[in-house]
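This report refers to the structure that appears directly beneath it.
The values are calculated or read from the model by the stated rules, or taken from the named source; none is laboratory data. Everything numeric in this text was worked out from a predicted model, so none of it was measured. FYI the Cβ positions are ideal-geometry reconstructions off the backbone, even for glycines, and counts take in every protein chain you see.
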Amino acid sequence: MKLEIQWLQVARRIVQLGVVVMMLTVPAMARYHNYVAAREIDRALEKQEGTLPGHTLAAIDTVMRSLPDGEIERAGTYQRNRKQVLSYAQQLRGSVWSAEIAGVSLTDPLAAAESVVASRRFPWVLAVSVAIPLVVTILLGRVFCSWICPVGFLLELTDKLRNGLRFLEVHPRNLRAARGTKYALLVVGLVLSAIVAAPVLGYVYPPAAASREIHDIVFTAFDRAELGRTGFSLEGASWMLFLLAAIVAIELAVSRRWWCRYVCPGGALYSLLGRARPVRVELRVDKCTECAQCVTACPMGLNPMRDEMGMECDNCGSCISSCNDDALAYGLRLGTRTTPAAAQAPQHERSMT
């Protein structure tokens, strides 16, 4: 069981890194599509040769041409099959907010909720695109936060850096807040979206903001390469980059996993949708020695040792990996024993919320 859980953590990291790679690839793929559509790809490859955008374009072009029918033979030479390459380049579009992968549309439930309340309509296209994420959340709970969310991945790395500070005998603070805050922010955001008829949360929600920032930075890199300007630049970035930096700084020095535990409206929605999830971490009381290693390991600040996880748990498996007694494992449980948000924190945390 322990080996299986360790491999599960490896798989989770691979998925998280894959999402980051996708976020970087999508705008580069879009730029490649534009060059091919305008019949400028060869000129762009020549002009940007030796630069990072140029290497990226060349790599994408090599992959596109190596796919079935990506090349066509003409006059004894193999040339790019423009029509097929354009089709391949459109198989990956969007962001973690809303994406299309190989013809399958996927929309974040929070994006769908904002769209519905802002437009007062629920078109079938939106219903289809939100179906898979919705079913996954209902079955597995808040797994978007632990497997997909790029900001969640960034904050996990920040948490490890925070632990490193303790090793250096630098002791960051760990202020706590009311877990119900994120549910209140979710309601306020949806109400504002309905009032102004626009997706308010989408402008400040970190995963969506990170996707937009990466898109703008990558596009700016290609613009700079076309002008013969090399080197890394944050041109194209906006104030949202400072928002992300502020969240990292708060989590590093002031409050462990502050955003995910207390503030994130997306996490609030996933928790509500996955309230009765059948797949969850279960405690084997007969094997538990109450070492509390799982309590320390839980990024959400919950208490697996007392089976107090509820709908806040994101099924990341960190508590299972930390348990040397094999007292925690994934299991199936129909129904729910979930308590209100304020009661889901461990006892030592509830007294401070």
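A few notes on this one:
- Listed conditions (1) in contact with a Ser or Thr (Cβ under 9 Å, 6 or more places away or on another chain); (2) surrounded by 14 or more Cβ atoms within 10 Å (Cβ to Cβ) are all met by residue 104, apart from (2).
- So residue 250, is it surrounded by fewer than 19 Cβ atoms within 10 Å (Cβ to Cβ), assigned to a helix (DSSP H, G or I) and among the β-branched types (Val, Ile, Thr): yes
Residues checked against (1) surrounded by fewer than 22 Cβ atoms within 10 Å (Cβ to Cβ); (2) among the aromatic types (Phe, Trp, Tyr); (3) assigned to a helix (DSSP H, G or I); (4) modelled with pLDDT under 90:
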residue	(1), (2), (3), (4)
242	yes, yes, yes, yes
246	yes, no, yes, no
267	no, no, yes, no
311	no, no, yes, no
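- Test: residue in region 3-23 that is within 16 Å of residue 219 (Cβ to Cβ) and touching a helix residue (DSSP H, G or I) at 6+ places or on another chain (Cβ under 6 Å): yes
- Among residues that are in contact with an Asp or Glu (Cβ under 6 Å, 6 or more places away or on another chain) and either modelled with pLDDT of 90 or more or not assigned by TED's automatic domain parsing to the domain that holds residue 43 (or both), residue 207 is not included.
- Answer residue from region 21-39, given it is β-branched (Val, Ile, Thr) and surrounded by 15 or more Cβ atoms within 10 Å (Cβ to Cβ) and is farthest from the chain's Cα centre (by Cα) among those: 36
- Selection within region 168-192: residues that are in a helix (DSSP H, G or I) and in contact with a Leu (Cβ under 7 Å, 6 or more places away or on another chain). The member of this set that is surrounded by the most Cβ atoms within 10 Å (Cβ to Cβ) is 189.
- Checked against (1) more than 30 Å from residue 309 (Cα to Cα); (2) within 19 Å of the chain's Cα centre (by Cα), residue 269 passes all but condition (1).
- For region 300-309, taking the residues that are touching a residue at least 40 places away in the same chain (Cβ under 8 Å) and surrounded by 20 or more Cβ atoms within 10 Å (Cβ to Cβ), the one that is farthest from residue 259 (Cα to Cα) is identified as 303.
- Residue list for region 98-134, restricted to those being in a loop (DSSP other than H, G, I, E, B) and acidic (Asp, Glu): 108
- Comparison of 161, 165, 157 shows that the only residue that is under 24 Å from residue 14 (Cβ atoms), out of contact with any helix residue (DSSP H, G or I) (no Cβ under 7 Å at 6 or more places or on another chain) and assigned to a helix (DSSP H, G or I) is 157.
- Residue 132 vs. criteria under 30 Å from residue 269 (Cα atoms) and out of contact with any Pro (no Cβ under 8 Å at 6 or more places or on another chain): yes
- Residue 146 meets each of the listed conditions (1) in contact with a Ser or Thr (Cβ under 7 Å, 6 or more places away or on another chain); (2) in a helix (DSSP H, G or I); (3) in contact (Cβ under 8 Å) with a residue 24 or more places away in the chain apart from (1).
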